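Q: Input: one structure, supplied below.
The values are calculated or read from the model by the stated rules, or taken from the named source; none is laboratory data. Because the structure is a prediction, the values reported are computed rather than measured. Here the Cβ positions follow ideal geometry from the backbone for every residue, glycine too, while neighbour counts run over all protein chains shown.
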Amino acid sequence: MSVHDLLRDNDERFCTLADGFSADDWSFPSLCDRWTNHEVLAHLVVGLSASLRSVSGAMLRHGGAFDRANAEMARVLAAGRSPAELLDHYQRLGRQPRGLGRYFPSRLLLGDHVTHELDMGFALGREPAVGADALVAVLNTQVAVPNPFVPAFRTARGLRLRATDAEWSHGERGPVVEGRAAELVSVLGNRPETLSRLGGDGVAVLKSRLSLPTRMDG
């Protein structure tokens with residue numbers, strides 16, 4: 001299955017899952033600092049629909065700081081749209097993205113969408129529902145593609161990473177870090193809250209490489 005098809009199927013599965021969230025679930029703090037699950041969903045919609053003009057305008061208001069602009073756009077959208085409305089937009093945009101969403105590579109969108117679903121689910125104490133194929137595709141992208149918003153490429157360097165529930169590994173030498181694929185995706189996405197779920201002599205090294213400032217950049 002192509003990454004584009006994985007992205008489409010994963011988005012459809014997520015929408016079905018998220019349709020069952022309660023009001024309390026949506027208002028619950030996610031693993032993205034200072035973002036509720038509702039605001040994370042708004043961020044995903046922004047990523048598939050924002051125009052260059054709107055992003056540039058938000059950055060100008062925040063002195064060129066993308067993180068702050070990103071946060072503002074998500075919060076404004078969440079304040080004006082219910083989770084149900086945002087899920088409807090998300091489904092339609094998944095089939096036909098607008099604005100900058102038309103130009104993001106599918107592999108980067110898949111990584112963003114999966115990581116943020118895990119932000120919601122792990123925060124709520126729920127088992128991850130993302131399929132193994134999607135998780136492996138995200139892991140392959142994280143360790144192979146430098147991304148200014150996700151430090152996984154740098155964080156994984158010199159470590160041997162192993163998924164315990166999927167056929168995936170990375171690195172031939174160095175300290176070992178192992179855990180379920182979803183947990184590896186989350187930690188490589190700079191979510192230290194999930195570190196305690198990992199094992200191996202490389203966990204301390206991985207922890208030292210995670211950046212601790214607010215994570216609101218995808």
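Q: Give me the residue from the range 150-169 that is surrounded by 15 or more Cβ atoms within 10 Å (Cβ to Cβ) and within 15 Å of Ala181 (Cα to Cα) and, out of that set, nearest to the chain's Cα centre (by Cα). Can you show your working first?
A: So in the range 150-169, the residues surrounded by 15 or more Cβ atoms within 10 Å (Cβ to Cβ) come out as 150-153, 155-156, 159-163, 166, 168.
Retained after the next criterion (residues that are within 15 Å of Ala181 (Cα to Cα)): 152, 156, 160-163, 166, 168.
Numbers: Ala152: 12, Ala156: 17, Arg160: 22, Leu161: 19, Arg162: 20, Ala163: 18, Ala166: 19, Trp168: 19 Å.
Result: Ala152.
Q: Looking at the range 180-195 only, could you name the residues that are among the small types (Gly, Ala, Ser) and within 16 Å of Arg209 (Cβ to Cβ)?
A: Those that are among the small types (Gly, Ala, Ser) and within 16 Å of Arg209 (Cβ to Cβ): Ser186, Gly189.
Q: Next question. Condition first: buried (at least 17 other Cβ atoms within 10 Å of the Cβ) and either touching an Asp or Glu at 6+ places or on another chain (Cβ under 6 Å) or not in a helix (DSSP H, G or I) (or both). Now tell me which residues in the range 88-117 satisfy that.
A: Gly94
Q: I've got another one for you. If you check Val185 against the conditions, is it among the hydrophobic types (A, V, I, L, M, F, W, C) and buried (at least 19 other Cβ atoms within 10 Å of the Cβ)?
A: Spelling it out, Val185 is indeed among the hydrophobic types (A, V, I, L, M, F, W, C) and buried (at least 19 other Cβ atoms within 10 Å of the Cβ).
Q: Within the range 127-149, is there a residue that is of a type outside the set (Asp, Glu) and touching a strand residue (DSSP E or B) at 6+ places or on another chain (Cβ under 6 Å)?
A: yes
Q: Can I ask one more? Does Leu77 qualify as being surrounded by 21 or more Cβ atoms within 10 Å (Cβ to Cβ), over 14 Å from the mean Cα position of the chain (by Cα) and under 18 Å from Asp112 (Cβ atoms)?
A: yes
Q: OK, next. Is there any pair with a first residue in the range 142-169 that is touching a residue at least 60 places away in the same chain (Cβ under 8 Å) and a second that is of a type in the set (Gly, Ala, Ser) whose Cβ atoms are under 9 Å apart and which are 6 or more apart or on different chains, and what are they?
A: Phe149/Gly218; Val150/Gly111; Val150/Gly189; Val150/Gly218; Pro151/Gly189; Pro151/Ser211
Q: So, one more: Give the residue, chosen from Asn140, Asn147, that is surrounded by 15 or more Cβ atoms within 10 Å (Cβ to Cβ), over 23 Å from Arg34 (Cβ atoms) and of a type in the set (S, T, N, Q).
A: Asn140
Q: Which of the residues belonging to the range 174-195 are closer than 14 Å to Leu31 by Cβ and either modelled with pLDDT of 95 or more or in contact with a helix residue (DSSP H, G or I) (Cβ under 6 Å, 6 or more places away or on another chain) (or both)? Can you show your working first?
A: Within the range 174-195, the subset closer than 14 Å to Leu31 by Cβ is 182-183, 185-195.
Selection gives Ala182, Glu183, Val185, Ser186, Val187, Leu188, Gly189, Thr194, Leu195.
Q: Right, another one. Taking the conditions exactly as written (free of Cβ contacts under 8 Å to residues at least 60 places away in the same chain, over 30 Å from Leu52 (Cα atoms) and part of a helix (DSSP H, G or I)), does Glu127 satisfy them or not?
A: no
Q: Evaluate the following for Glu85: is it surrounded by fewer than 17 Cβ atoms within 10 Å (Cβ to Cβ), within 30 Å of Val55 (Cβ to Cβ), in contact (Cβ under 8 Å) with a residue 60 or more places away in the chain and acidic (Asp, Glu)? Spell out the reasoning first.
A: Numbers: surrounded by fewer than 17 Cβ atoms within 10 Å (Cβ to Cβ): yes; within 30 Å of Val55 (Cβ to Cβ): yes; in contact (Cβ under 8 Å) with a residue 60 or more places away in the chain: no; acidic (Asp, Glu): yes.
Spelling it out, it is not the case that Glu85 is surrounded by fewer than 17 Cβ atoms within 10 Å (Cβ to Cβ), within 30 Å of Val55 (Cβ to Cβ), in contact (Cβ under 8 Å) with a residue 60 or more places away in the chain and acidic (Asp, Glu).
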